[in-house]
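Working notes for the structure below.
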Amino acid sequence: MSADANNPVLDRSWSDPPGLIGWLSAINHKTISIRFMLTTMGFFAAGGVLAMIIRLQLARPENKLVGPDFYNQLFTMHGTTMMFLFAVPVMQAVATYLVPLMIGSRGIAFPRMNAFAYWIFLFGGLMLYIAFILDIGPDAGWFAYPPLAGPEYSPGKRMDFWAQLITYTELSGLLEAVILITTIFKMRTPGMTLNRMPLFVWTMLVTSFMVMFAMPSVMLASTALITDRLVGTHFYNPAEGGDVLLWQHLFWFFGHPEVYLIFIPPLGFMSSIIATFARRPIYGYPVMVLAVIATAFLAFSLWVHHMFATNVPELGKSFFTAASAMIAIPTAAQIFCWIATLWAGRLNFRTPMLFALSFFFILTIGGLTGIMLASVSLDLQVHDTFFVVAHLHYVLIGGAVFPLFGAFYYWFPKFTGRLMSERLGKWNFWLMFVGFNVAFFPMHIAGLRGMPRRVYTYPAEMGWNLLNLVSSIGAAILAVGILLFVINVLVSRRRGEVAGADPWGAGTLEWATASPPAPGNFAQPVVVASRFPLWSPGGVAGVVRGLADDRREVLVTSVLDAVPNHRAMMPESSIWPFVSAVAVTVLFVGSIFTPWAVVWGAVLATPPLIVWFWPKRKATQMNLEREVKP
Amino acid sequence: MTVRALASLLLLAASSALAAVPAQNALEPHGVQALAIHDLWRLTLLVCTLVFAAVLAAFLYAIWRAPRSKERTAPDVAVLDQPEPKLRRPVVIGVAVSAVLLVVLIVADFVTERRLAHLPLKDAVRIEVTGHLWWWGVRYLDDEPSRMFSTANEIHVPAGKPVILKLNSADVIHSFWAPSLHGKKDLIPGRTALLHFRTDKPGVYRGQCAEFCGFEHALMAFTVVADPPEQYEAWAARQRQPAPAPVTDLQKQGLAVFMRSTCAMCHAIAGTEAGARLGPDLTHLASRSMIASGTLPNTRQYLAAWILDPQRFKKGANMPPTPLSAQDLNALMAYLETLK
């Protein structure tokens, strides 16, 4: 680990400026990522509080705690928050921290755009919650089917805030996808061929490509909804030749891949954690990579299984049944490869490992109920019932949240320099695991026994009382578990055991940096010759020399084999991404109220973008000099 | 999976105690299609439970047998450069078995779908169901227009005969779901969907809207009453009759109240001048067991309270409060009770 030498010149050149202006100008990928993670976890907590109110309301039949108006806002906000403000962005947030470190880069591609993506995301989320607090929270469900979400049946501004939030998160998500793809393809350290990339980096590469294909679909859908509502177009109005099913096709063409945007990055968490705590590489690296790619392709061919109850043609449905069931095969292949890894490994049951291992229990149930939902006939019974609520939470909490919490326990020492408490961690895990299953398993049965989702109340004699009470108790246990996580983070950040560079004895490059890493990550970027450079006998293969330390210089390498191509200058910190994000927010929020905001908002948003890209004499000078004298 | 088995046993016990409630339960099938789906459910549940048990057993055995390690245990990197044939075989077999089981389930699903679609439809009763915010409009179709009639929220069908539902929506998307009879079908504005079902067992089956449709989605229930065929014919014959003319003075006064207050703006009573179609048809209101789409039992007290202030029971319902004097209300109730 000779790469980890102190280098004050490098630290200075990659540091963001001090002070409030400096804080708003920060573009270092680790700084932005930490803010991004904290923001998404803040939204996770908010969404969790909403869920607790939902469970309180449903704990008893004919409960009068909240009325239909507030309840409909509650579950719409809960779903929207968890899908758009937590699950997808949190993966991108973690990735913007880890990917550059894992591929041995000093920085991330397009760092100013990264800062802009963060600010846009933050402002979008704040807009939604301010609207909610002012009682203009959306109330037509997180997939907002027209005509219910359209101008006639959702008058007022509630659904406009929802549709505009989609614009925000898409913008942020697409930018992050561009950033991650570029970083992964062009900034890997020499020697890190595609074939040696950590599996987490592979999952983020695949996820980012999926974002680029899936997001435009929902962008189209939500823009059509906005124009239906704002300027009286008729995309979804059957009376004027529009079609309400158009929305469902466009939305689920995004919405189903979205599940995999949430689920694929955690597969990378799993592979990182299992490799480290089984003390061996994951068995079947090519299978793992191909399985993720296959999942990504199949994910785009099964959106209609959300629409089996509509009158789409029967034969077409059978095709989607087959495609939906087939997506289980790559997932099964990965599960078997992990079990093989555990079989042949030597295991260390630290908290991150416990969270990762719970996947085998929870996600397997979620996957199997997914196969049930893929069947047209069974889906006709359980679609839009609590069975689906149970299924999607088993998949998303078991497949994403548990591995994500494992990932936080695993990389927390890298983020902060201190380990999280193991004792609190074990309590945290077991409370979450038990609470989760107690909360969500009974929902399968409630759904089969006829309980539809999204009902704010139910009659006492339906036979659902006990099931719902048990679910609510489980939810409370789950909430206590998550609270312990927050306590553990707060306590460990100050008083946790000091970690050192590589507390787990892991093998990938992020552990070659200090904990937390210096602003420039690697004093000397390393050359790698293996998938686990830190596990190679004799350490890393070599170091890269010749990169300037007194400026933000990075090495750009080739896509396939990571052969050095040239050196590139990364931009200086700048406040203009922040100012641009504010200006774009004025445009977006303004256009909820008047279409003219698109016009004057664009005029307002243009100058900051021009200043953002305005070339500086000093930087141009420096670039010219560098061409002559490397 | 013992947990699942235990839970369903417990619930079975709980459900038998509440047998008086109309069934709204996919696990208590009484329709031909619901039975077919239930067969598929049992097969799928069995396969999935076995797969889950197998995966969990492999996983638990793997972590039980693997030796333990610490952070400083030397990693086993030699395997990066050499194949691991011992691990390869079980993984390949596992994936292959999964694929075969999936094909089995897909074929079973396909067969079930054909069973659902191939219900013989000779002499079927045709009923048009229209979803409204938040109630169900029901119209019995017939080749002879004079034999058609309308009702709401309570659908009578002859046991043993096929039923064709023609599903439409007047506003947003709803979904018709009576799980003991069949799976659900969406009612989509601008499109017509068909749903066929048959039950051979007379009884009352409950259902409710399954697609979120706004404010009172939770209170949009209906019942399907499967009568023995002769009983059904008698019921239908009664429903085809217009409402009886009021006899007593009080009843006559009640009809007058109906016509001059807001009632007649939205509701129809065949045989009177009230012909509006915005709310449920009331021609045979007194023959129905529930009011407000399964929200309240159809008793004099509830009906009166509902008419005075529907928002007390169903916030957001499109029916406005109707302030009536005690005398007028009494007369109206006397009249409505004649609508058998």
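The values are calculated or read from the model by the stated rules, or taken from the named source; none is laboratory data. Because the structure is predicted, anything quoted here is derived from the model rather than measured. Virtual Cβ from ideal backbone geometry, glycine too; neighbours counted across all protein chains shown.
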Does B:Leu332 meet the test of being crowded, with 18+ Cβ neighbours inside 10 Å, at negative phi, under 30 Å from the mean Cα position of the chain (by Cα) and not assigned by TED's automatic domain parsing to the domain that holds B:Leu141?
-> no
Hey, could you check the range B:191-212 for residues that are over 9 Å from the mean Cα position of the chain (by Cα) and free of Cβ contacts under 8 Å to residues at least 40 places away in the same chain and say which is farthest from B:Asp142 (Cα to Cα)?
-> B:Phe212
Single residue of B:Ile164, B:Ile188 found to be over 14 Å from the mean Cα position of the chain (by Cα) and under 20 Å from B:Trp134 (Cα atoms) | B:Ile188
Answer with yes or no whether A:Thr189 is crowded, with 24+ Cβ neighbours inside 10 Å, in contact with a strand residue (DSSP E or B) (Cβ under 7 Å, 6 or more places away or on another chain), in contact (Cβ under 8 Å) with a residue 40 or more places away in the chain and within 24 Å of A:Tyr410 (Cβ to Cβ).
-> yes
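Determine if the range A:377-387 includes at least one residue that is over 19 Å from A:Trp303 (Cα atoms) and in contact with a Ser or Thr (Cβ under 7 Å, 6 or more places away or on another chain).
Within the range A:377-387, none of the residues are over 19 Å from A:Trp303 (Cα atoms) and in contact with a Ser or Thr (Cβ under 7 Å, 6 or more places away or on another chain).
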Assess whether B:Leu296 counts as being free of Cβ contacts under 8 Å to residues at least 60 places away in the same chain and either surrounded by 14 or more Cβ atoms within 10 Å (Cβ to Cβ) or in contact with a Lys or Arg (Cβ under 6 Å, 6 or more places away or on another chain) (or both).
-> yes
Say whether the condition of being modelled with pLDDT of 95 or more and of a type in the set (Val, Ile, Thr) is met by at least one residue in the range A:299-309.
-> no
May I ask you to verify whether A:Phe336 is within 8 Å of chain B (Cβ to nearest Cβ), surrounded by fewer than 22 Cβ atoms within 10 Å (Cβ to Cβ), at pLDDT 95 or above and in a helix (DSSP H, G or I)?
-> no
Looking at (1) part of a helix (DSSP H, G or I); (2) in contact with a helix residue (DSSP H, G or I) (Cβ under 7 Å, 6 or more places away or on another chain), which is the one condition that is false for A:Leu38?
-> (2)
Members of the range B:75-107 that are farther than 30 Å from A:Ala344 by Cα and within 8 Å of chain A (Cβ to nearest Cβ) = B:Leu105, B:Ile106
Based on what the data block shows, is A:Phe588 part of a helix (DSSP H, G or I), closer than 27 Å to A:Asp16 by Cα and in contact with a helix residue (DSSP H, G or I) (Cβ under 9 Å, 6 or more places away or on another chain)?
-> no
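Condition check ((1) crowded, with 21+ Cβ neighbours inside 10 Å; (2) not in a loop (DSSP other than H, G, I, E, B)) across all residues:
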{"site": "B:Ala178", "(1), (2)": "yes, no"}
{"site": "B:His182", "(1), (2)": "yes, no"}
{"site": "B:Asp186", "(1), (2)": "yes, yes"}
{"site": "B:Gly190", "(1), (2)": "no, no"}
{"site": "B:Leu195", "(1), (2)": "yes, yes"}
{"site": "B:Arg206", "(1), (2)": "yes, yes"}
{"site": "B:Glu211", "(1), (2)": "yes, no"}
{"site": "B:Ala218", "(1), (2)": "yes, yes"}
Residue list for the range A:146-159, filter: in contact (Cβ under 8 Å) with a residue 12 or more places away in the chain, in contact with a Phe, Trp or Tyr (Cβ under 8 Å, 6 or more places away or on another chain) and buried (at least 20 other Cβ atoms within 10 Å of the Cβ) = A:Pro146, A:Pro147, A:Ala149, A:Gly150
Check the range B:69-85 and report whether any residue there is under 20 Å from A:Phe360 (Cβ atoms), hydrophobic (A, V, I, L, M, F, W, C), in the same structural domain as B:Leu45 (by TED's automatic domain parsing) and surrounded by 14 or more Cβ atoms within 10 Å (Cβ to Cβ).
-> no
Counting just the residues of the range A:1-59 that are at pLDDT 95 or above and of a type in the set (Lys, Arg), which one comes out surrounded by the fewest Cβ atoms within 10 Å (Cβ to Cβ)?
-> A:Arg35
Failed item in (1) under 29 Å from A:Ser375 (Cβ atoms); (2) in contact with a helix residue (DSSP H, G or I) (Cβ under 9 Å, 6 or more places away or on another chain); (3) more than 14 Å from chain A (Cβ to nearest Cβ), with B:Ile155 passing the rest = (2)
Output for Cβ contacts, cut-off 7 Å, separation at least six or different chains, first residue over 25 Å from A:Arg279 (Cα atoms) in the range A:526-552, second of a type in the set (Phe, Trp, Tyr), reads A:Arg552/A:Trp14
Residue check for A:Tyr456: facing chain B (nearest Cβ under 7 Å) and either modelled with pLDDT of 95 or more or part of a helix (DSSP H, G or I) (or both) = yes
Please list, ordered by first then second residue, the pairs with beta carbon atoms under 7 Å, 6 or more apart or interchain, first in the range B:87-106 and in the same structural domain as B:Cys48 (by TED's automatic domain parsing), second aromatic (Phe, Trp, Tyr).
-> B:Leu87/A:Tyr283; B:Leu87/A:Trp343; B:Val91/A:Phe336; B:Gly94/A:Phe336; B:Val95/A:Phe336
Filter pass, A:Met210 being touching an Asp or Glu at 6+ places or on another chain (Cβ under 6 Å) and either more than 13 Å from chain B (Cβ to nearest Cβ) or under 30 Å from A:His566 (Cα atoms) (or both) | no
From the residues in the range A:535-558 that are surrounded by 15 or more Cβ atoms within 10 Å (Cβ to Cβ), closer than 18 Å to A:Trp511 by Cβ and out of contact with any strand residue (DSSP E or B) (no Cβ under 8 Å at 6 or more places or on another chain), which one is farthest from the other protein chains (Cβ to nearest Cβ)?
-> A:Ser536
Out of the residues in the range A:345-386 that are closer than 23 Å to B:Pro179 by Cα and in contact with a Phe, Trp or Tyr (Cβ under 7 Å, 6 or more places away or on another chain), state the one that is farthest from the other protein chains (Cβ to nearest Cβ).
-> A:Gly366
Which residue out of B:Gly190, B:Gly183, B:Gly207 is modelled with pLDDT under 95 and within 13 Å of chain A (Cβ to nearest Cβ)?
-> B:Gly190
For A:Phe75, are the conditions met, namely being within 30 Å of A:Ile21 (Cα to Cα) and of a type outside the set (D, E, K, R)?
-> no
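Each row is one residue, and each column tells you yes or no for (1) touching a residue at least 24 places away in the same chain (Cβ under 8 Å); (2) aromatic (Phe, Trp, Tyr); (3) closer than 17 Å to A:Ile339 by Cβ; (4) outside any helix (DSSP H, G or I).
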| position | (1), (2), (3), (4) |
| --- | --- |
| A:Gln248 | yes, no, no, no |
| A:Phe253 | yes, yes, no, no |
| A:Glu258 | yes, no, no, no |
| A:Leu267 | yes, no, yes, no |
| A:Ile273 | yes, no, yes, no |
| A:Arg280 | yes, no, yes, yes |
| A:Tyr283 | yes, yes, yes, yes |
| A:Ala294 | yes, no, no, no |
Pairs, first without any contact (Cβ under 8 Å) to a residue 40 or more places away in the chain in the range B:321-340, second crowded, with 19+ Cβ neighbours inside 10 Å, C-beta under 7 Å, six or more apart | B:Pro321/B:Pro310
